[in-house]
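Enquirer: Pasting a structure below so you can have a look.
Where a number appears in this text, it was derived from the coordinates with a stated rule and is not lab data. As the structure is a prediction and not an experimental result, all values here were calculated from the model. A quick note on method: Cβ atoms are made from the backbone with ideal geometry, for glycine too, and the neighbour counts reach across all protein chains shown.
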Amino acid sequence: MKTSQNPTTRARQRYYWEFGFSIAGYVALIFLSRSIWSQTAPSWRIPVALLPILPMIFVFAAVVRYVVRMDELERQVLVQSLALAGGATALLSVTYGLLEGAPLPHPSAWWTYSVFMTGWLVSYFFVRRRYQ
Amino acid sequence: MKNRIKVLRAEKDWSQAELADRIGVARQTIVALEAGKYAPSLPLAFKLSRLFQRPIEEIFVDEPSDDIASHETK
């Protein structure tokens with residue numbers, strides 16, 4: 001008997017499409033934002049700089065939809081790895097924050113994002129292994 | 001949590017992927033369940049119970065924790 005397609009597979013495929021389109025929009029708006037930056041009046045520079053945020057909102061919505069629809073073990077692995085990454089990022093941020101007066105330089109806010117995403121990747125790998 | 005999913009699946013002659021499709025989870029979840037490395041949610045346990053037409057306690061092996069055992073003897 002042929003079974004219908006697995007709903008978790010359908011959810012993943014839909015997520016890949018939504019994520020792919022949103023990232024394509026992000027890349028397009030990054031180029032647009034950078035190309036019109038020099039000709040933009042100073043009062044419009046903040047909205048122009050924030051243009052790429054619009055597709056990132058769609059990325060966020062796609063991630064939320066996927067988390068709601070995903071397989072329960074996948075969700076557990078995701079949530080545990082996010083918690084570990086969030087905790088590690090908070091610990092590192094507070095530690096560095098205390099050392100900023102030491103005096104260490106003030107890093108870009110992108111560093112927090114990079115540390116969190118790296119921590120998520122690493123913790124996801126280890127949490128996933130627990131269930132294999 | 002120990003369980004008899006692998007045996008029950010073999011009785012039906014289903015692959016892990018087929019069982020995963022029937023209860024709407026990823027194949028990796030079946031792998032983790034059969035290895036006893038993942039305790040399913042109650043809704044998933046009931047799905048398995050309906051699919052195999054067995055009570056939950058016939059599919060999953062109860063392992064009482066020390067906390068409950070010591071509480072019951074008080």
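Enquirer: Return one quarter of the surface area of the convex hull spanned by the alpha-carbon atoms of region B:5-73, equal to its mean projected area, in nm².
Expert: Values: hull surface 20.4 nm².
If you wrap the Cα atoms of region B:5-73 in a convex hull and average its projections, you get 5.1 nm².
Enquirer: From the square roots a ≥ b ≥ c of the eigenvalues of the alpha-carbon gyration tensor of region A:30-129, which class results: rounded (a/c under 1.5), prolate (a/b over b/c), or oblate?
Expert: Oblate is the answer for region A:30-129, as a/c is 1.5 or above yet b/c matches or exceeds a/b.
Enquirer: Shifting gears a bit: Rounded, prolate or oblate: pick one for the protein assembly as shown, where a ≥ b ≥ c are the square roots of the eigenvalues of its C-alpha gyration tensor, a/c under 1.5 means rounded, and failing that, prolate if a/b is larger than b/c, else oblate.
Expert: Because a/c hits 1.5 or more and a/b fails to exceed b/c, the protein assembly as shown counts as oblate.
Enquirer: Can you compute the helix-only [θ] at 222 nm over chain B? Use -39500 (n - 2.57) per DSSP H run of at least 4 residues, normalise by all residues, nearest 500 deg cm²/dmol. Intermediate values should be presented prior to the final figure.
Expert: Values: 6 runs with 47 residues, N = 74.
-17000 deg cm²/dmol, from helical runs alone.
Enquirer: Where does chain A land at 222 nm, in deg cm²/dmol rounded to the nearest 500, when only DSSP H runs of n ≥ 4 count, each adding -39500 (n - 2.57), divided by all residues?
Expert: -26500 deg cm²/dmol
Enquirer: Between A:Trp111 and B:Arg50, what is the label-to-label distance in nm when each label sits 7 Å out along the Cα-to-Cβ direction?
Expert: Taking the simple label geometry, A:Trp111 and B:Arg50 are separated by 5.3 nm.
Enquirer: May I ask you to derive the FRET efficiency for B:Val7 and A:Ile36 from their Cβ-Cβ distance with R0 = 45 Å, giving the value to the nearest 0.05?
Expert: With a Förster radius of 45 Å, E is 0.10.
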